[in-house]
Amino acid sequence: MRTITKIYEFSFRERGSKFMGYLFPAESEEQFGEELDRLKSKYPDATHHCWAWRLNPAQPQEFSSDDGEPSGAAGLPILNQLKSFDVVNAGVVVVRYYGGTKLGKSGLIEAYGRGAQLCLESASLISIRPVQLFEICYGYPEENVIQKLKNDYDLKILESEYLENIRLRVACSLNTTNILEENLKGLEHLGINFSKLEKSFL
């Protein structure tokens, strides 16, 4: 999966209609809504503001809107481009000014899809991966045991606290989550305790 860190814009004309695509970061529906409202305020006289978003790399959610265009002719082709580029935590709005010539449903699908595609092709896409977070607490004598786990499962240390005992917050790839959890359960007799936390991404 991939994401973006800034806004990308691209515009073109299709049989008189002007299409303006906007690709931008969004980590929540609220954040997406704020950017959508900004674009609606910037282009209040546009015929349509069609859009789609994909959020949450750990458990992707997605939604789209045709904003008055024929059903499936605008929002879905925008969403399909986000999926095709495997982009998450991002939204696309394609603004249309009607130019007097009807494009037909197939023409709309192509135009709205192209509006999203041109933005995505121009974007610097950053790879991310979904992970499972764990908290592990253990005594200093077990440092070597935990070090072996870190190496075996390529654990990423996100937080560490060295007090009476050691507390680590680590990230594990989703495909090794279950086997790591079984290994940690097998170490509880050594005083190594763990909690399975939420899913996240790096």
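The values are calculated or read from the model by the stated rules, or taken from the named source; none is laboratory data. Only a predicted model underlies this, so the values are computations on that prediction, with no experimental measurement involved. Heads up, the Cβs are rebuilt from the backbone with ideal geometry, glycines too, and the neighbour counts pull from every protein chain shown. To get the accessible areas, we keep the full protein, side chains included, count just its heavy atoms, and leave off ligands, DNA and RNA. Shrake-Rupley method; radii C 1.70, N 1.55, O 1.52, S 1.80 Å.
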Next item on the list: Quick one: check the C-alpha center-to-center distance for the range 175-201 versus the range 52-74, whole angstrom.
Entry: 36 Å
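Please report the carbon-and-sulfur percent of the accessible area for the range 1-52; probe 1.4 Å, protein heavy atoms only, DNA, RNA and ligands left out. Please list the in-between numbers first.
On the way: 1240 of 2840 Å².
The value for the range 1-52 is 44 percent carbon and sulfur by accessible area.
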Next item on the list: Report, in debye and to the nearest 20, how large the dipole of the chain comes out about its Cα centre when Lys and Arg carry +1 and Asp and Glu carry -1 on their Cβ.
Entry: 920 debye
Next item on the list: Count charges around residue 159 for me, please; just the other residues with Cβ under 15 Å from its Cβ, Lys/Arg as +1, Asp/Glu as -1.
Entry: +1
Margin query: Can you compute 3J(HN,Hα) from phi for each residue in the range 88-104, using the Karplus curve 6.51 cos²θ - 1.76 cosθ + 1.60 with θ = phi - 60°, rounded to whole Hz and x for Gly and Pro?
Written below: 10, 6, 8, x, 10, 10, 10, 8, 10, 9, 5, x, x, 10, 5, 9, x
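Round to a whole number: what % of the accessible area of the range 110-202 belongs to carbon and sulfur, probe 1.4 Å?
Details: 2350 of 5130 Å².
The nonpolar share, carbon plus sulfur, comes to 46 percent.
Could you quote the convex hull projected area for the range 17-126, Cα atoms only and averaged over all directions, in nm²? Working shown, then result.
Details: hull surface 25.9 nm².
Its Cα hull, projected and averaged over all orientations, spans 6.5 nm².
Given a 1.4 Å probe, how much area per residue of the chain is accessible, in Å²? Can you show the working numbers first?
Details: 10320 Å² over 202 residues.
Spelled out: the 1.4 Å probe surface of the chain, per residue, equals 51 Å².
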Margin query: If I build a Gaussian network model for the chain, linking alpha-carbon pairs within less than 10 angstrom, which residue out of 118, 163, 82 has the largest mean-square fluctuation?
Written below: 163
Check: Given H placed 1.01 Å from N in the peptide plane, which residues other than close sequence neighbours of residue 47 have an amide H under 5 Å from its amide H?
Finding: 96, 97, 98
Next item on the list: Collect residues whose amide H, placed 1.01 Å from N in the peptide plane, falls under 5 Å from the amide H of residue 90; neighbours closer than 5 in sequence don't count.
Entry: 26, 54
Note to self: Can you tell me which lysines have their Cα less than 17 Å from the Cα of residue 199? Leave out same-chain residues fewer than eight positions away.
What the structure shows: 156
Next item on the list: Using amide H atoms built 1.01 Å from N in the peptide plane, name the residues 5+ places from residue 158, or on other chains, whose amide H lies under 5 Å from its own.
Entry: 169, 170, 171
Margin query: Within 10 Å of each candidate Cβ there may be at most 13 other Cβ atoms; applying that plus a DSSP loop requirement, which trypsin sites (Lys or Arg not before Pro) in the range 98-199 survive?
Written below: 102
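In the chain, once you exclude exposed GluC sites (Glu not before Pro) (DSSP loop, at most 16 other Cβ within 10 angstrom), what's the longest stretch remaining? Can you show the working numbers first?
Working: sites that count: 27, 164.
Longest site-free region, per DSSP loop and neighbour criteria: 28-163.
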Check: For residue 40, which lysines qualify as cross-link partners when the Cα separation must be under 26 Å and same-chain residues fewer than eight apart are set aside?
Finding: 6, 18, 83, 102, 105
